[in-house]
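Heads up: the structure comes next, in structure tokens.
The values are calculated or read from the model by the stated rules, or taken from the named source; none is laboratory data. Note that this is a predicted model, so its numbers are computed, not measured. Here the Cβ is made from the backbone with ideal geometry for all residues, glycine too, and neighbour counts use every protein chain on show. Side chains are part of the model used for accessible areas, which takes the heavy atoms of the whole protein and leaves out ligands, DNA and RNA. Shrake-Rupley method; radii C 1.70, N 1.55, O 1.52, S 1.80 Å.
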Amino acid sequence: NSSQTPFDALGGEDVLSKLVDTFYRKVSQHPDLAPLFPNDLTETARKQKQFLTQFLGGPSLYSEEHGHPMLRARHMPFVITSIQAEAWLNCMERAMDDVGIEGVIREYMLERLSMTAHHMVNQPL
Ligand code: HEM
């Protein structure tokens, strides 16, 4: 219905949690991404679940705990080129395949995540 958020359309907390856990398993195996991340991704995944919940119109979990996301600033310590942006999006797309996220919500999320990922690029190739 008209009051349903993208977060609801995705399937809420359960589906988002599965998606993020699946995504970080792929990130930890990806040669262009793994070196940037800590070995233990527990806290990274917890923050990403909070962030994506609010990104998709659910409760503002990330900002309540961490303040304004300022995502580009928070990514400045890491060298991110279009290689990393595409790798990040590829991991997300494959995680969506595994979790079975299809249709309009998938296209909506990939379009917005693509813009956000490319906005994180902070180094030329
Ligand atoms: C944190 C890499 C794109 C959301 C991080 C961290 C790294 C990273 C290395 C720190 C992890 C840690 O120390 O726990 C990347 C790379 C990207 C990318 C290489 C490729 C473009 C994105 C996108 C989003 C996002 C598209 C949102 C949709 C976050 C959030 C955090 C984070 C919410 C936690 C920030 C905090 O510390 O509070 N990212 N990221 N990232 N990333 Fe990304």
Legend entry - Answer residue from the stretch 50-71, given it is among the hydrophobic types (A, V, I, L, M, F, W, C) and open to solvent by 20 Å² or more (accessible area, probe 1.4 Å) and is farthest from the ligand (Cβ to nearest atom) among those: 61
Inset, instruction - Output yes when any residue across the stretch 75-94 is touching a Cys at 6+ places or on another chain (Cβ under 7 Å), of a type in the set (D, E, K, R) and more than 10 Å from the ligand (Cβ to nearest atom), and no when none is. - result: no
Inset, instruction - Hand me the list of helices (runs of 4 or more DSSP H) wholly inside the stretch 1-92 holding 2 or more residues that are of a type in the set (Val, Ile, Thr) and within 28 Å of residue 104 (Cα to Cα). - result: 12-29, 42-55
Inset, instruction - Please state which of the following conditions residue 35 fails to meet, knowing it meets all the rest: (1) more than 10 Å from the ligand (Cβ to nearest atom); (2) without any contact (Cβ under 8 Å) to a residue 40 or more places away in the chain. - result: (1)
Inset, instruction - Could you check how many residues of the stretch 104-113 are within 15 Å of the ligand (Cβ to nearest atom), touching a residue at least 12 places away in the same chain (Cβ under 8 Å) and open to solvent by 40 Å² or more (accessible area, probe 1.4 Å)? - result: 2
Legend entry - Hey, residue 44 polar (S, T, N, Q) and near the ligand (Cβ under 9 Å from one of its atoms) or not: yes
Legend entry - Enumeration of residues in the stretch 72-103 that are β-branched (Val, Ile, Thr), open to solvent by 30 Å² or more (accessible area, probe 1.4 Å) and farther than 16 Å from residue 16 by Cα: 79, 83
